Amino acid sequence: NAGVMQNPRHLVRRRGQEARLRCSPMKGHSHVYWYRQLPEEGLKFMVYLQKENIIDESGMPKERFSAEFPKEGPSILRIQQVVRGDSAAYFCASSPAGGELFFGEGSRLTVL
Amino acid sequence: AQSVTQPDIHITVSEGASLELRCNYSYGATPYLFWYVQSPGQGLQLLLKYFSGDTLVQGIKGFEAEFKRSQSSFNLRKPSVHWSDAAEYFCAVGPSGGGADGLTFGKGTHLIIQP
């Protein structure tokens, strides 16, 4: 049973470009969470999704950031018009309904 | 609002010595508490969790943690550390397994092992 798969593992973008980060949850998991980790910081909750629904996006910046978890395919975290402050590690976690979180290895975004 | 404090940013321990990493939390209801370990460039691995029952919980890799409600603490311990334990350790609090708001993490404690 494969774990939570995130890609790309590393992504470099120039300011103003778009970043797309993908997360495939563990088999049988219907809940996906995205967290952001800034250097020297812990993980900050961004958004919680179930299939085709955003349940809680209270941690998402109001502009430029969006997330989806379509009926088919991986969850996508999209950052438009990236700025240097978006450089961070973005972690996805999945869980079965009401269950323990399992984390992916993260996607590290560098904005030049 | 829930919060987690890990007062030690860095801790250095000699190989074979005992270890205690501190964690204090603030949570409005009965907390669910977790310790995760993160090796450089890697994701988070769950070491142990406390939901209810026995306040001393055993985890993987020889780690244990004790929940003390009166002190709002959930400190992580290991009797004898190995060089491979060098990593970043995160304490987290939240509803069982995550829930609607996910987990709230502390800022982490960086563990350095001296030979």
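The values are calculated or read from the model by the stated rules, or taken from the named source; none is laboratory data. Given the structure is predicted, the values throughout are model-derived calculations rather than measurements. A quick note on method: Cβ atoms are made from the backbone with ideal geometry, for glycine too, and the neighbour counts reach across all protein chains shown.
Here are some notes:
- Any hit, segment B:30-49, residues being over 23 Å from A:K44 (Cβ atoms) and at pLDDT below 90: yes
- The set of residues in segment A:3-59 that are part of a loop (DSSP other than H, G, I, E, B), charged (D, E, K, R) and either within 11 Å of chain B (Cβ to nearest Cβ) or buried (at least 17 other Cβ atoms within 10 Å of the Cβ) (or both) comprises A:R9, A:E40, A:E41, A:E57.
- Scanning segment B:1-29 for residues that are surrounded by fewer than 11 Cβ atoms within 10 Å (Cβ to Cβ), at pLDDT below 90 and within 14 Å of another protein chain (Cβ to nearest Cβ) yields a count of 1.
- One residue from A:S66, A:S58 being over 26 Å from B:F34 (Cα atoms) and of a type in the set (S, T, Y): A:S66
- Here B:E88 does not qualify as in a strand (DSSP E or B) and away from chain A (no Cβ under 14 Å).
- Only listed residue being under 27 Å from A:H10 (Cβ atoms) and hydroxyl-bearing (S, T, Y), chosen from B:T55, B:T109: B:T109
- Whichever residue in segment A:60-94 is among the hydroxyl-bearing types (S, T, Y) and either buried (at least 21 other Cβ atoms within 10 Å of the Cβ) or under 15 Å from B:T104 (Cβ atoms) (or both) and, among such residues, is nearest to the other protein chains (Cβ to nearest Cβ): A:S94
- Enumeration of residues in segment A:22-44 that are out of contact with any Phe, Trp or Tyr (no Cβ under 6 Å at 6 or more places or on another chain) and of a type in the set (F, W, Y): A:W34
- Residue within segment B:14-36 that is without any contact (Cβ under 8 Å) to a residue 40 or more places away in the chain and closer than 26 Å to B:P115 by Cα present: no
- Taking the criterion of being farther than 14 Å from A:P74 by Cβ and touching a Ser or Thr at 6+ places or on another chain (Cβ under 9 Å), the residues of segment A:11-27 that qualify are A:L11, A:V12, A:R13, A:A19.
- Tally, over segment B:30-49, of residues that are within 13 Å of chain A (Cβ to nearest Cβ), buried (at least 20 other Cβ atoms within 10 Å of the Cβ) and of a type outside the set (S, T, N, Q): 8
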